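**Q** Before I ask anything, here is the structure I am working with.
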Amino acid sequence: MSLHAAEFFAELCLPFHDHAVVGATYFAAPVPGAPLRLRIDFTATIHADTYGGLRVAVIHPDRGEIDVVALSFLDHGTFHRRDEAHNTRPNTKQYGTFSTNRRPGRPPWEGAVTTGLRDAIEQYTTVWFPGAWAATTPSPAASRAAHRAPAPPATRSQARTR
């Protein structure tokens, strides 16, 4: 069964204009004209055709891989809802992962919530590609922060008790 990588990366909604999915790998040039590139791959587990996260790398054309971070689906809650709904137990090969040997005709990562992964990729890429996210629409993290109500100002009685 296919990994459906292009659909997975489309669901991540990464804002990079210059990008391509080749096989199961996402490539992007977050800052046009800059030499650094971004590469995102799926990380395999010890089980065949089972994936546990994403590997995000910054690539330089002359120096190769500059930096790498591994983002696990488990740490970013990607399959938390699905696993809870199906009563999947922690410490099993299905918990927090997806396998290509599931549900014919549907993406193997069905039920994934990609918000946590996208936020982590945003945090990582803003270090290496400053301003790459600023030219795009607000990220989910920025949207959530903008919609939070500010804390009410402290009253004099509250200020004295602090």
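The values are calculated or read from the model by the stated rules, or taken from the named source; none is laboratory data. Note that the coordinates shown come from a computational prediction; the quantities given were computed from them, not determined experimentally. Counting neighbours? That spans all protein chains shown, and the Cβs are built from the backbone with ideal geometry, glycine included.
**Q** I'm trying to understand the selection: among the residues of the range 45-63, which are in a loop (DSSP other than H, G, I, E, B) and among the polar types (S, T, N, Q)?
**A** 45
**Q** Can you name the residue in the range 29-44 that is in contact with a Gly (Cβ under 8 Å, 6 or more places away or on another chain) and not in a loop (DSSP other than H, G, I, E, B) and is also nearest to residue 99 (Cα to Cα) among such residues?
**A** So, considering only residues that are in contact with a Gly (Cβ under 8 Å, 6 or more places away or on another chain) and not in a loop (DSSP other than H, G, I, E, B), the one nearest to residue 99 (Cα to Cα) is 44.
A quick yes/no check of all residues on (1) at pLDDT 70 or above; (2) surrounded by 18 or more Cβ atoms within 10 Å (Cβ to Cβ); (3) over 17 Å from residue 41 (Cβ atoms); (4) under 15 Å from the mean Cα position of the chain (by Cα):
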residue: 70; (1), (2), (3), (4): yes, no, no, yes
residue: 76; (1), (2), (3), (4): yes, yes, no, yes
residue: 85; (1), (2), (3), (4): no, no, yes, no
residue: 89; (1), (2), (3), (4): no, no, yes, no
residue: 95; (1), (2), (3), (4): no, no, yes, no
residue: 100; (1), (2), (3), (4): yes, no, no, no
residue: 104; (1), (2), (3), (4): yes, no, yes, no
residue: 113; (1), (2), (3), (4): yes, no, yes, yes
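**Q** Additional query: Considering only the range 64-84, state which residues are hydroxyl-bearing (Ser, Thr, Tyr) and in a loop (DSSP other than H, G, I, E, B).
**A** 78
**Q** Answer yes or no: is there a residue in the range 15-22 that is assigned to a loop (DSSP other than H, G, I, E, B), at pLDDT 90 or above and in contact with a Leu (Cβ under 6 Å, 6 or more places away or on another chain).
**A** There is no residue in the range 15-22 that is assigned to a loop (DSSP other than H, G, I, E, B), at pLDDT 90 or above and in contact with a Leu (Cβ under 6 Å, 6 or more places away or on another chain).
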